[in-house]
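Have a look at the structure below, then the notes.
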Protein chains: 2
Amino acid sequence: MPHSAFTAVAVRARAASTELALATRATKDATLEAMADALLADVGPILAANVADVDAAAASGTPDHLIDRLRLDESRLAAMAQGLRDVAALPDPVGEVLRGSTLANGLQLRQVRVPFGVVGIIYEARPNVTADAAGICLKSGNAVLLRGSSSALQSNTAIVATLRRAAGGSGLPEDVVQLVPGEGHESVKELMRARGLVDVLIPRGGAGLIASVVEESTVPVIETGVGNCHVYVDSAADLDMAERIVLNAKTHRTSVCNAAESLLVHEDVAAEFVPRIVRALQEARVLVHGDASFAACDGVVPATEEDWGTEYLGLEISAAVVPSLDAAIAHIRQHSSAHSDAIVTDSQSHAQRFVAAVDSAAVLVNASTRFTDGGEFGFGAEIGISTQKLHARGPMGLPEMTSTKYVVTGAGHTR
Amino acid sequence: MPHSAFTAVAVRARAASTELALATRATKDATLEAMADALLADVGPILAANVADVDAAAASGTPDHLIDRLRLDESRLAAMAQGLRDVAALPDPVGEVLRGSTLANGLQLRQVRVPFGVVGIIYEARPNVTADAAGICLKSGNAVLLRGSSSALQSNTAIVATLRRAAGGSGLPEDVVQLVPGEGHESVKELMRARGLVDVLIPRGGAGLIASVVEESTVPVIETGVGNCHVYVDSAADLDMAERIVLNAKTHRTSVCNAAESLLVHEDVAAEFVPRIVRALQEARVLVHGDASFAACDGVVPATEEDWGTEYLGLEISAAVVPSLDAAIAHIRQHSSAHSDAIVTDSQSHAQRFVAAVDSAAVLVNASTRFTDGGEFGFGAEIGISTQKLHARGPMGLPEMTSTKYVVTGAGHTR
């Protein structure tokens with residue numbers, strides 16, 4: 001293997017992970033508190049670095065909403081520090097015994113949570129992810145290799161420098177937190193091919209980023225966060241409830257992965273519900289891409305085939321009338337990104353069938369898709385929402401950032 | 001996507017998986033019993049197909065031990081049938097509630113085990129894997145795409161035909177069990193790239209097969225079964241116990257992944273233990289590839305650097321003297337395939353340090369590496385032994401063949 005700058009960083013991460021895996025909860029929590037203190041102490045240099053990123057982004061014509069994601073201020077920095085303290089307060093997943101028994105031959109068997117080792121995180125514009133991801137990885141005993149977007153490079157460099165100093169000051173290796181060196185695609189590629197040095201890769205960002213990581217990586221990947229979420233309004237729905245849930249799921253926050261992107265309505269309630277929900281959505285300034293039934297309403301644009309698979313992340317929604325519960329299920333199975341899909345119904349049998357047949361990370365009954373969230377689920381911290389089936393599915397908290405190990409203790413046992 | 005023969009098969013598997021996911025335990029168990037009965041009823045055609053495979057292998061000069069793996073007889077067929085009945089008797093993992101709580105806002109949250117959907121298994125010569133894998137996948141609610149070796153094609157075709165008829169006769173789609181069509185690498189490649197149609201790929205076989213699947217697959221992979229397992233004899237070891245464990249781990253069965261391939265001895269006990277264990281191993285016809293300390297004994301051949309990473313799967317072992325516990329740990333961390341590594345010691349502190357610092361799927365104290373096995377662990381059935389950290393690590397039983405889903409039930413909840 002050529003000893004590139006990346007390899008050197010990954011080898012140091014591996015060595016740091018060995019030490020971190022053996023660290024006590026007390027040491028890890030003290031380090032997280034020290035990191036929080038250090039972020040607040042270093043507010044000057046961090047915000048100065050961020051101003052440089054923001055200015056460069058503005059000069060290159062970056063749209064305002066992306067610049068807003070990139071921008072830090074004292075209150076966002078305080079939130080990052082508080083996030084690290086919140087992680088310190090959570091239980092340590094490492095060392096938890098998941099199974100334990102004494103076998104018939106007297107062997108003692110235990111399955112114990114252990115850290116992965118080295119985790120790579122590839123993410124986009126928000127520099128607050130840098131501290132969040134570092135905190136979750138540290139608490140779960142993993143060294144982390146962070147790869148943010150080049151637009152946030154100066155901010156991320158400043159934040160990581162602060163976090164590393166705090167780690168070193170708390171008796172852990174500074175290399176438990178590192179930025180992936182280099183700016184081009186080559187260094188991301190090295191990260192994706194570093195099987196053996198990096199144990200898990202978690203891309204956080206848009207569908208394009210995630211697809212390219214899945215395609216190119218030989219390191220095991222946990223996919224997160226693409227959400228083409230559906231709300232299905234059943235024939236047995238309370239239509240007042242349905243309206244509240246559709247509006248909440250679509251408009252409460254539009255740029256997030258658990259926002260609704262598609263509405264399905266059972267034909268038995270379509271005559272009443274379609275005009276009503278179109279009016280309500282339009283009052284909330286939502287553009288409806290509708291099938292023929294919806295397109296009969298003023299202001300609805302005809303949906304194309306592509307709309308059914310589109311994650312708008314804005315004030316737009318696709319909408320269709322379906323002839324049956326099973327047609328709704330089939331539509332969702334075909335088009336959903338398998339993140340979060342909801343049914344509104346008062347029918348127990350319809351709810352049961354929907355829950356069983358919709359193959360998504362979260363299936364919601366009479367609740368907004370917006371509830372699929374580590375915070376809402378009470379996990380305390382979230383590294384992302386997995387939309388894959390292997391290892392972790394749905395919101396990922398600290399336990400999902402670990403592997404396990406079997407410990408078998410005998411007294412000279414042989415077969 | 002071109003509609004190849006493979007795509008057609010995978011699309012049928014996907015459809016069958018939807019039906020199978022909703023099947024009750026009673027239906028699945030009845031199907032497994034019917035499959036067992038059918039294997040016994042079809043002994044004639046299955047053994048005839050196997051004779052054709054065995055004859056072709058013999059004619060092409062296949063070594064005897066590979067022909068032995070390929071060969072079926074009435075007792076092996078009876079064992080396959082019994083394996084299916086054993087799986088029927090195990091609890092159904094699907095539907096198990098792993099977590100459940102009512103959130104502060106009244107939302108009811110449950111995390112429930114669900115099948116993956118479609119599982120691909122790529123395996124080598126043994127045709128009994130065909131029935132074993134089909135049974136485990138069926139019980140865990142997964143449709144399976146089986147890709148055995150071309151040397152076993154006629155045997156596998158006959159077995160799968162029998163299993164499919166039994167599935168159909170029990171009211172499940174026959175397509176819950178299918179062989180991947182085609183013989184060349186192209187069709188394996190299609191299987192490995194069928195992301196979206198196939199949920200998980202499990203290669204079972206040698207290191208070369210597994211490495212190529214990991215390299216080429218975009219479908220998530222669970223690596224299994226490469227075992228470069230170590231036994232470390234500590235300064236505080238009971239040397240009688242150490243001798244028994246080393247001999248058992250090396251010679252009880254040599255062709256399996258949990259057999260020991262490397263022996264490390266602390267220098268404080270080397271003068272006594274090295275000549276003794278070399279003699280005992282040689283009496284058991286084991287060739288020792290030793291470092292300088294071991295090579296001083298008659299009949300020991302000098303180990304090359306390559307030996308430390310070699311899985312012999314035969315009557316050979318690499319052996320070295322190490323200056324300390326930490327040197328043993330470092331050696332194992334560098335060379336182990338992270339399957340199973342054992343320490344023999346009466347020191348509580350040494351055992352603790354070894355268990356914490358050796359980063360393998362199973363770490364054994366005063367017990368033979370041969371115990372890392374789903375049967376020995378009491379899992380009842382095993383699809384393989386995972387040596388990766390994502391999703392499952394160590395012996396994989398039925399629960400490891402599932403994913404989970406969050407079910408969130410509200411009463412019109414919005415954020």
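Listed values, structure above:
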| quantity | calculated |
| --- | --- |
| Built amide H within the under 5 Å cut-off of B:Val321, gap 5+ | B:Val265, B:Asp291, B:Ser293, B:Phe294 |
| Three semi-axes of the equivalent ellipsoid, the protein assembly as shown, Cα gyration tensor, whole Å, largest first | 47, 37, 22 |
| Teacher prompt: B:Ser4 distances to equivalent labels in other copies, 7 Å Cα→Cβ, nm | 2.9 |
| √(5λ) per eigenvalue of the Cα gyration tensor, the range B:99-255, largest first, Å | 33, 27, 17 |
| Shielding score for A:367-374, defined as the mean number of other chain Cβ atoms within 10 Å | 5 |
| Calculated FRET value between A:Leu287 and A:Ser255, using beta carbons and R₀ = 22 Å, to 0.05 | 0.90 |
| Principal axis box of the range A:261-415, alpha-carbon based, largest edge first, Å | 79, 31, 28 |
| Fraction of alpha-carbon pairs over 21 Å apart in the range A:82-151 - percent | 43 |
| Proxy reagent accessibility, fewest Cβ within 10 Å first, across A:Asp64, A:Asp373 | A:Asp64, A:Asp373 |
| Cα long-axis angle, helix A:207-216 against chain A (0 to 90 degrees, to the nearest 10) | 50 |
| 3J(HN,Hα) from dihedral phi, the range B:262-275, Karplus parametrisation 6.51/-1.76/1.60, rounded to Hz, x for glycine, proline | 8, 10, 10, 10, 5, 4, 5, 10, 5, 4, 7, 7, 4, x |
| Label point distance in nm, A:Arg279-A:Ala327, each placed 7 Å from Cα along Cα→Cβ | 2.5 |
| Descending semi-axes in Å of the range A:245-333, equivalent ellipsoid built from Cα gyration tensor | 18, 15, 12 |
| The protein assembly as shown: calculated mean residue ellipticity at 222 nm from DSSP helix runs of at least 4, using -39500 (n - 2.57) | -13500 deg cm²/dmol |
| For A:Val198, residues with placed amide H under 5 Å, excluding near neighbours | none |
| GluC sites (Glu not before Pro) within the range A:83-185: DSSP coil, no more than 12 neighbouring Cβ in 10 Å | A:Glu183 |
| Per-residue ³J(HN,Hα) for the range A:133-144, Karplus 6.51 cos²θ - 1.76 cosθ + 1.60, θ = phi - 60°, Hz, x for Gly and Pro | 5, 4, x, 5, 5, 4, 5, 8, x, 9, 6, 10 |
| For the range B:291-357, convex hull of alpha carbons as volume per residue, Å³ | 112 |
| Residues in the range B:1-40 that a label on B:Ala89 would reach, taking backbone N under 19 Å of a point 7 Å out along Cα→Cβ | B:25-40 |
| Cβ-vector label at 7 Å, B:Leu313, separations to other copies in nm | 4.7 |
| Local electrostatic count at A:Ile245 - Lys and Arg +1, Asp and Glu -1, tallied over other residues with Cβ under 11 Å | +1 |
| Ranked list, fewest to most other Cβ atoms within 10 Å of each Cβ, for B:Lys189, B:Lys139 | B:Lys189, B:Lys139 |
| Efficiency of FRET between A:Arg76 and B:Ala104 - r from beta-carbon atoms, R0 41 angstrom, step 0.05 | 0.95 |
| Rg(Cα) / (2.2 N^0.38 Å) computed for the range B:22-158, rounded to two decimals | 1.34 |
| Residue exposure sequence - B:Cys137, A:Cys297 - by fewest surrounding Cβ within 10 Å | A:Cys297, B:Cys137 |
| Sites A:Asp268 and A:Ser349, calculated FRET efficiency, Cβ-Cβ separation with R0 22 Å, nearest 0.05 | 0.90 |
| Beta bridges by DSSP in the range A:30-180, antiparallel share as percent, to the nearest 5 | 40 |
| For the range B:60-68, Karplus couplings with θ = phi - 60° (6.51, -1.76, 1.60), whole Hz, Gly/Pro x | 8, x, 5, x, 4, 5, 6, 5, 4 |
| 19 Å reach of a label modelled at B:Leu315, 7 Å along Cα-to-Cβ, counting backbone N of the range B:223-266 | B:244-257, B:259-263 |
| Two-site label geometry, A:Leu66 and A:Val51: point separation in nm, points 7 Å out along Cα→Cβ | 2.4 |
| Exam field: A:Arg110 pseudo-label spacings to other copies (7 Å along Cα-Cβ), nanometres | 3.2 |
| Highest to lowest packing among B:280-291, B:149-160, scored as the average C-beta count within 10 Å | B:149-160, B:280-291 |
| Convex hull of the range A:348-398 built on C-alpha atoms - directionally averaged projected area, nm² | 3.9 |
| Descending principal axes extents, the range B:50-112, alpha-carbon based, whole Å | 71, 23, 17 |
| Degrees between helix A:239-251 axis and first principal axis of chain A (Cα, 0 to 90, nearest 10) | 50 |
| Listed residue pairs exceeding 21 Å between alpha carbons, taken from B:Lys139/B:Lys405; B:Lys139/B:Lys189; A:Lys389/B:Lys139; A:Lys405/B:Lys189; A:Lys139/B:Lys389 | B:Lys139/B:Lys189; A:Lys405/B:Lys189 |
| Axis-nearest residue in chain A [Cβ, rotation onto B], distance in whole Å | A:His391, 2 |
| Value of Rg/Rh across chain B [Cα atoms, Kirkwood radius] | 1.03 |
| Inter-chain Cβ neighbour average for residues A:383-390, partner chain, 10 Å | 4 |
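Quick note: the coordinates plus some simple rules give every number you see, no bench work behind them. A quick note: this is a predicted structure, and the numbers were derived from the prediction, not measured. All Cβ positions, glycine included, derive from the backbone under ideal geometry; neighbour counts span all protein chains shown.
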